[in-house]
Each structure stands twice: as C-alpha cells, then as structure tokens.
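See structure below.
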There are 2 protein chains.
Amino acid sequence: MKKVDMAQIAARAGVSIATVSRALSGSGRVRAETRRRILAIAEELNYRPNSIARGLSRRRTDTLGVILPELVDEFFMDLVQGIEEEAYRANRYILLSSSHRQRDFLRTSLEFMMSGRVDGVILMASQRMNDIEEIVSRSRCPIVLLNAGSHVACTASVNVDNYQGAFAVTEHLVQHGYRKIGVILGPDDNYDSAERFRGFRAALDAHGIPLPESFVVAGDFTKTSGFYGFNRLMSQSQRPEAIFAENDMMALGAYEAASRLGLRIPQDVAIVGFDDIRLSRYIRPTLTTVHVPIEELGRRAVRYLLQMIDGEADPHQPYRLELTTGLIIRESCGCSPSAPYGVV
Amino acid sequence: MKKVDMAQIAARAGVSIATVSRALSGSGRVRAETRRRILAIAEELNYRPNSIARGLSRRRTDTLGVILPELVDEFFMDLVQGIEEEAYRANRYILLSSSHRQRDFLRTSLEFMMSGRVDGVILMASQRMNDIEEIVSRSRCPIVLLNAGSHVACTASVNVDNYQGAFAVTEHLVQHGYRKIGVILGPDDNYDSAERFRGFRAALDAHGIPLPESFVVAGDFTKTSGFYGFNRLMSQSQRPEAIFAENDMMALGAYEAASRLGLRIPQDVAIVGFDDIRLSRYIRPTLTTVHVPIEELGRRAVRYLLQMIDGEADPHQPYRLELTTGLIIRESCGCSPSAPYGVV
DNA sequence: ATGTAATATGTAAACGCTTACATTACCAGG
DNA sequence: CCTGGTAATGTAAGCGTTTACATATTACAT
C-alpha cells in the first residue's frame with residue numbers, strides 16, 4: 001500500500017492543498033460540495049493524514065508521555081489503564097516509558113520530554129525526588145507528577161491521601177477494641193510510607209493509645225519484609241493484637257508468617273493492609289485494607305495535564321490534588337466471621 | 001525554557017545548519033575542531049533535537065506501536081514489560097494503545113498504524129481474527145502478531161506453544177498414575193484454548209487413556225467459570241481424580257469450589273493450570289502449571305519487528321515463531337507434600 | 001448593473017531537520 | 001605556480017501539514 005498525501009487528493013479534486021487541508025480538518029470554510037468531493041476522494045484513496053507532519057506544523061503531537069518507575073506491578077498496571085482510557089477519550093496517544101531502575105533517570109526523562117515527541121508528561125518518579133525540581137524547571141512541556149512528596153511544589157501533582165487512609169483503617173482497628181497495635185513500615189525514603197505512618201500515629205494519638213517502640217518494625221513494601229516484620233512483632237513477650245501493614249504485599253507476607261507460627265487471623269492477631277490490590281480479595285481470610293483509587297489517579301493526572309496543554313491551566317502555577325482513599329472492610333480485621341469461601 | 005533549534009547553534013558557531021546537523025548526528029564529515037565547537041554550544045544551549053522534525057525528514061519515528069486487547073491483566077503487564085525493555089535497548093519508543101474491547105477495533109488500529117506515527121506495530125487481537133488479514137493487507141508498516149492462530153499466515157507472528165505445554169502437564173498427571181482426568185475448557189473461539197485442548201487430548205491418547213465426554217466442561221478463562229466447571233465435574237457419580245484447568249484463573253476458581261465441597265487438593269483431586277501467573281505461587285497448595293514465557297514473547301516480537309523495519313527481514317514473507325512452554329511442578333498435582341507455608 | 005461584504009479558494013511561508021549536490025579550502029605532486 | 005583530488009562546508013530541496021494572507025468568487029442590497 002503506497003502512501004497517499006494531500007497533494008494527490010488535491011490534484012484529483014482539482015483544488016489546492018490548502019483546501020484539502022481545510023476540508024479534512026474541518027476548520028476553515030470550504031464549500032459543502034467541494035468538501036464532499038474531497039472527503040470522497042480521501043476515502044477512496046484510503047488517505048490518512050501523516051501525524052508527524054501535522055505535528056511539526058501544528059507544534060503539537062496529541063501524544064502524552066508517561067514515565068513510570070516500573071511496569072510489572074498491579075499498581076502501575078491500573079495506573080496505565082486509567083491513563084490510557086482517559087487519553088483515549090481525549091483522542092490522545094500514550095508514549096510509555098519505564099525509567100528502568102533510574103538508570104540515568106534524569107537524562108532519559110529530559111531527553112524524552114524535550115524531544116518534542118509529546119505535548120506533556122505524566123511522571124512518577126519513585127524515591128529520589130531531588131532531581132524533580134531540576135527536571136521540571138528544564139522541561140519544555142507541562143508535567144504532572146504522581147504521588148510526589150508534599151514538598152514538591154514546583155508543578156502539578158496528583159496524589160493519594162495516604163494520611164487519611166491510614167488514619168481510617170487504624171481507627172477501625174481501634175473501634176474493634178484493639179489497643180495493642182503494631183505496624184510494619186514501608187521503605188525509609190518513601191513518601192507514601194511516611195504519610196501512612198503519620199496517619200497511623202495520629203489515629204492512635206487521637207484515641208490516646210500508646211505506641212511502644214517495639215511495635216514499630218521496618219519493612220520495604222515487599223512480601224518478604226512483611227514476613228519477617230510479622231515475625232519480629234510477634235516474637236516479643238508483649239505481642240500486638242493487631243497489625244497495620246503499610247501495604248498489602250507485606251500483609252501477605254504477614255499472613256504466611258502467621259500461618260507458620262500457627263496463629264489464626266483475625267482471632268489471634270488482626271491484620272490490615274493498604275492498597276487494596278486484587279490479591280487482597282483472593283487470600284483467606286480476605287484482607288481488610290485501604291482502597292487506593294489508582295485508575296482515578298491516572299485519569300485525573302491526564303485530565304489536568306490536558307488542561308495545562310490546552311491553556312486552561314497555568315503550567316507554572318503549582319497545583320496539588322489529593323484523592324481520598326476508602327476503607328475496605330473484609331475479614332482480616334475480625335469484622336465478619338471468616339466465611340469459608342466464595343466466588344469472588 | 002525556550003526552544004533552541006539548529007539554526008541558533010549554527011549562528012553561534014558561525015557555520016551552516018547542515019554542518020550542525022552533521023556534527024550532531026555523527027554522520028558526514030566535519031572537522032574535529034568544528035564538531036567540538038558545535039557540540040559545546042549545543043550542550044550550553046541545552047539543545048535537544050526535535051524528533052518530530054527529524055522523523056518527518058528521515059521518514060522514520062523510532063517508535064513502535066503496541067496494540068493490546070486490554071491492559072489490566074498479569075499477562076499483558078508482563079508482555080508490555082518485555083516489549084518495553086527490548087525496545088528501550090534498541091532506542092525505540094513505545095506507543096501504547098489498548099483496543100478497548102474491540103470497539104471499532106479495525107478502524108482504530110488502522111488509523112493508528114497508518115498515521116505515520118510508528119515504524120511498525122505489535123498487535124495482539126484477541127478472538128476475532130477475521131479482520132486481521134485485512135488489517136495487515138491495508139497497513140503501511142510491518143506488523144508482528146502475537147498469539148495468532150496458526151491459520152493466520154499473512155505476516156509475522158510470535159506465539160506460545162500451547163499444544164506442547166498442555167501435552168506436558170497432562171502427561172505429568174498421567175505419570176502420577178491418574179487415569180480419570182477432567183478438563184475445564186477456555187472460550188470456544190479462543191485459539192489458545194483450542195490448542196491446549198489439542199495437547200491435552202493428545203497426551204491422553206498417547207497413553208491410551210479414554211476421555212469420557214462428561215470429563216470435558218466448558219469455561220471461559222474466568223475464575224467464576226472455573227468454580228462452576230469444577231462443580232460440574234465433581235457432581236457426577238464418576239468423578240475425575242485430576243483436573244486440567246486450561247488457565248490458572250480457572251484453577252483458582254476450582255480451588256475455591258473444592259474448598260466449598262470440602263475436597264482436599266491434591267489428595268482428593270489434583271488440579272493443574274496453565275500460564276503460571278504470579279498468583280499460582282501464592283495460593284495453597286501452590287499450583288502446578290505451565291509456564292508461558294510472556295516477556296520473552298514480547299521481546300521476540302520486538303526483535304523481529306525491528307528486523308523487518310531495518311530491512312533485515314521481509315515484511316511480506318510470513319514468519320511464525322513458537323516459544324516453548326515449561327512445566328512448573330508445584331504441589332497441586334500431588335508431587336510434593338503440601339508444605340504448610342513458605343516465603344515465596 | 002454595481003458596489004460591498006461575505007465566502008471560497010489559492011499562494012506561499014513556516015515547522016526543524018536531513019541530505020544530495022555544489023562549492024570552497026587545502027594539500028601534494030608535478 | 002598550477003592541477004587534481006580529497007576533506008570541509010554551504011545551498012537548497014525536500015518531508016507532509018497548517019495557516020496567514022492574498023485573491024477570486026458569490027450573494028445581496030441598492
């Protein structure tokens with residue numbers, strides 16, 4: 001199939017290229033009859049506008065760049081889904097790139113963004129946010145950050161309200177009557193983790209519940225770290241009655257550790273997580289956790305990015321959106337009798 | 001940050017645009033001293049080539065299109081990962097699009113591919129492969145199909161050897177001594193499913209094991225269908241001793257049904273799956289299944305696509321690659337005593 | 001018919017880069 | 001000092017659109 005361009009259509013229709021362009025793009029005025037003729041010819045020739053050329057000329061690509069730290073993860077999957085959907089709705093394409101373990105992350109991102117390939121970028125850097133300011137300042141197109149620390153105030157960001165979610169799920173434990181509540185932390189330098197801990201802590205404080213140092217153990221969001229974290233929490237004389245794992249994967253590790261130790265959930269120890277990954281519904285007992293509206297996160301990011309691109313929002317004015325999280329009450333907190341099984 | 005183009009560099013360096021281009025692209029001859037000067041200025045001005053313009057001129061975009069039926073699924077996630085990695089290695093970008101439940105699938109795909117936005121496309125259509133021939137024939141750039149039926153012979157495709165995998169896992173059941181083996185099928189029109197059944201059947205035949213009609217129940221690759229499929233298989237007087245679920249999700253449903261009926265796996269009934277999704281390692285007993293090299297699938301697709309783009313492979317010559325699958329022996333077939341738990 | 005304002009179309013200049021071809025600079029051998 | 005060859009650089013023509021501006025056509029009121 002050979003390529004067909006406007007010139008060919010113009011020739012056949014006996015008009016100039018400009019008229020063809022106007023007819024096809026719908027902008028500008030063209031006599032109805034002429035337009036019809038042009039459209040027919042375009043159809044017949046199976047014409048598709050060359051979006052590269054169009055991009056050059058219009059100085060926009062209708063493409064959004066998405067840079068994520070990784071791809072293989074339920075979180076990112078949902079995120080991409082949300083982003084793609086919203087972009088599709090707005091007739092935009094998605095140029096996807098994972099940052100490949102930050103190998104030369106800054107350089108790659110900049111390269112990416114400044115190449116004129118995209119009209120805007122959705123960027124989720126993991127930890128090291130130090131570069132961010134620089135990236136943003138040197139970038140040539142609007143950027144929306146995902147889950148940026150609250151200290152990043154140089155551009156738009158869409159975030160999850162970790163604090164509120166952690167507060168809620170912790171409070172739920174308290175309402176169950178638990179007073180000895182332990183926590184398995186996420187990575188040190190992780191913003192989400194820090195916020196979750198803040199919410200956890202605040203909920204305890206709000207109810208006058210003490211938090212002994214021994215009830216706080218480190219973790220890193222991996223299943224294994226949850227396993228060991230649980231073991232450490234439960235191997236002391238003073239055992240917690242309930243445990244808040246700062247994410248679901250660690251809760252999963254805790255499940256396994258519990259099973260190893262012959263401890264029943266929630267009878268011997270209640271466990272709650274954070275994230276509401278799919279797995280949390282599949283394991284038994286089902287996991288009480290905090291739902292994070294990931295797809296929504298992606299969609300909102302796209303929406304705001306488009307606003308910036310379309311000039312409805314000022315890219316230079318900082319903007320911060322926090323999406324509320326929702327408590328998902330299942331069995332692991334002790335709420336309902338652990339139903340044997342069910343079709344999910 | 002204002003945009004800087006070659007003209008500015010040329011002006012500063014006191015040379016022509018052409019020389020700048022040559023210096024920057026590395027092609028063509030430029031005096032070492034001049035090149036150094038130009039590079040320095042480019043650096044200083046923080047110049048990035050405009051890839052759109054470059055694309056227009058060179059008639060290539062260094063971008064690969066990826067069209068998938070969905071995004072949210074472990075399979076696609078891994079696939080995208082493999083594709084992205086390999087593309088990154090070759091300095092290509094990925095333009096991602098899900099086909100949104102085939103809503104006007106053909107049109108979208110064509111639009112996408114023929115817009116000159118990409119140099120080639122990796123396409124995974126789900127069922128209805130009827131359009132494929134047409135899409136391929138009308139396309140303007142090389143295409144690699146993923147998991148295309150063997151009847152599709154109009155272009156390149158990379159596939160998984162479902163037959164061989166099913167044969168292997170079935171044979172494994174036979175070696176366990178099971179003679180009454182049931183199967184829960186995938187969707188009717190699904191190519192993978194058909195191949196898996198063929199392999200299953202062949203393995204039974206090879207060992208002279210009969211397959212009563214009642215041991216074959218329909219399913220559709222969902223967990224729920226696995227649940228009901230299991231129930232149907234086990235609610236007859238003549239019960240199978242082992243069950244081959246054509247994918248892991250259905251095996252998962254079968255697990256739940258078994259638990260409901262108070263049947264132990266593998267003591268009362270062995271279960272094996274296909275796909276080796278992550279979950280298959282997390283459930284207890286761990287699931288014996290067939291590993292599908294998904295990332296590899298993606299990587300291979302990219303590799304061949306690049307060959308076609310670079311003219312090393314003829315896009316018009318059909319090409320078919322089948323990746324072998326691997327048997328993953330875990331607990332659900334009865335192989336090892338069902339260990340209580342372990343850190344995975 | 002005629003002038004005026006709208007409407008329809010054409011012309012040509014971008015957009016930022018690559019590249020074939022033309023030109024100039026340079027150097028060695030005669 | 002000239003000649004020819006090679007290396008370095010310049011010129012300009014694309015690449016396929018969009019779009020500002022110019023021009024041609026039409027419609028309508030007078």
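The values are calculated or read from the model by the stated rules, or taken from the named source; none is laboratory data. Keep in mind the model is a prediction, meaning the values are calculated, not measured. Glycine gets a Cβ as well: all are built from the backbone with ideal geometry, and neighbour counts include every protein chain shown.
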ask   = Which residue, of B:A242, B:A218, is surrounded by fewer than 23 Cβ atoms within 10 Å (Cβ to Cβ) and either closer than 22 Å to B:Y163 by Cβ or more than 14 Å from chain A (Cβ to nearest Cβ) (or both)?
value = B:A218
query = Counting residues that are of a type outside the set (A, V, I, L, M, F, W, C) and within 19 Å of the chain's Cα centre (by Cα), which helices (runs of 4 or more DSSP H) fully inside the stretch A:203-312 reach at least 3?
reply = A:294-309
key: From the options B:R232, B:R264, residue that is within 11 Å of B:I184 (Cβ to Cβ) and more than 12 Å from chain A (Cβ to nearest Cβ)   = B:R232
The lone exception for A:S259 - which of (1) in contact with a Phe, Trp or Tyr (Cβ under 6 Å, 6 or more places away or on another chain); (2) under 23 Å from A:G326 (Cα atoms) it fails = (2)
task = Scan the stretch B:1-34 for residues that are of a type in the set (D, E, K, R) and over 44 Å from the mean Cα position of the chain (by Cα) and jot them down.
result = B:R12, B:R31, B:E33
key: Residues located in the stretch B:82-91, provided they are surrounded by fewer than 21 Cβ atoms within 10 Å (Cβ to Cβ) and in contact (Cβ under 8 Å) with a residue 60 or more places away in the chain   = B:E85, B:A90
task = Looking at (1) out of contact with any helix residue (DSSP H, G or I) (no Cβ under 6 Å at 6 or more places or on another chain); (2) more than 17 Å from A:G116 (Cβ to Cβ), find the lone condition where B:R58 falls short.
result = (2)
inquiry  = Looking at B:N50, B:N91, can you tell me which residue is more than 7 Å from chain A (Cβ to nearest Cβ), over 17 Å from the mean Cα position of the chain (by Cα) and polar (S, T, N, Q)?
reply    = B:N91
inquiry  = So, B:S98, is that one within 14 Å of A:Y93 (Cβ to Cβ), at pLDDT below 90 and out of contact with any Gly (no Cβ under 8 Å at 6 or more places or on another chain) or not?
reply    = yes
task = Collect the residues in the stretch B:1-12 that are surrounded by fewer than 11 Cβ atoms within 10 Å (Cβ to Cβ) and in contact (Cβ under 8 Å) with a residue 12 or more places away in the chain, keeping them in residue-number order.
result = B:M1
note = From the option list B:A301, B:A270, single residue qualifying as touching a Cys at 6+ places or on another chain (Cβ under 8 Å) and more than 13 Å from chain A (Cβ to nearest Cβ) is B:A270
message = Taking the criterion of being assigned to a helix (DSSP H, G or I) and within 12 Å of chain B (Cβ to nearest Cβ), would at least one residue in the stretch A:57-67 satisfy it?
response = yes
query = What residue, of B:V15, B:V20, B:V72, is within 12 Å of DNA strand D (Cβ to nearest atom), free of Cβ contacts under 8 Å to residues at least 40 places away in the same chain and not in a helix (DSSP H, G or I)?
reply = B:V15
remark   = Filter the stretch A:193-213 for residues that are in contact with a Lys or Arg (Cβ under 9 Å, 6 or more places away or on another chain) and of a type outside the set (A, V, I, L, M, F, W, C); the one that is surrounded by the most Cβ atoms within 10 Å (Cβ to Cβ) is A:H207
ask   = Given the residues B:R196, B:R179, which is the only one that is basic (K, R) and under 17 Å from the mean Cα position of the chain (by Cα)?
value = B:R196
request  = Scan (1) farther than 30 Å from B:N46 by Cβ; (2) surrounded by 19 or more Cβ atoms within 10 Å (Cβ to Cβ) for the single condition A:I135 breaks and write down its number.
outcome  = (1)
remark   = Counting only residues that are assigned to a helix (DSSP H, G or I) and either within 14 Å of chain B (Cβ to nearest Cβ) or near DNA strand C (Cβ under 8 Å from one of its atoms) (or both), the stretch A:26-37 contains a total of 4
message = Could you tell me how many of the residues in the stretch A:38-56 are surrounded by 18 or more Cβ atoms within 10 Å (Cβ to Cβ) and either near DNA strand C (Cβ under 7 Å from one of its atoms) or in a helix (DSSP H, G or I) (or both)?
response = 8
ask   = Does A:R232 count as modelled with pLDDT of 95 or more and under 30 Å from A:A148 (Cβ atoms)?
value = no
key: Positions within the stretch B:11-24 being more than 14 Å from every other protein chain (Cβ to nearest Cβ) and either within 9 Å of DNA strand C (Cβ to nearest atom) or aromatic (F, W, Y) (or both), in sequence order   = B:S16, B:I17, B:A18, B:T19, B:V20, B:S21, B:R22
ask   = Which one of these does B:F76 not meet: (1) touching a Ser or Thr at 6+ places or on another chain (Cβ under 9 Å); (2) within 12 Å of chain A (Cβ to nearest Cβ); (3) within 9 Å of DNA strand C (Cβ to nearest atom)?
value = (3)
message = It is to be established whether one or more residues within the stretch B:23-37 are near DNA strand D (Cβ under 9 Å from one of its atoms) and among the β-branched types (V, I, T).
response = yes
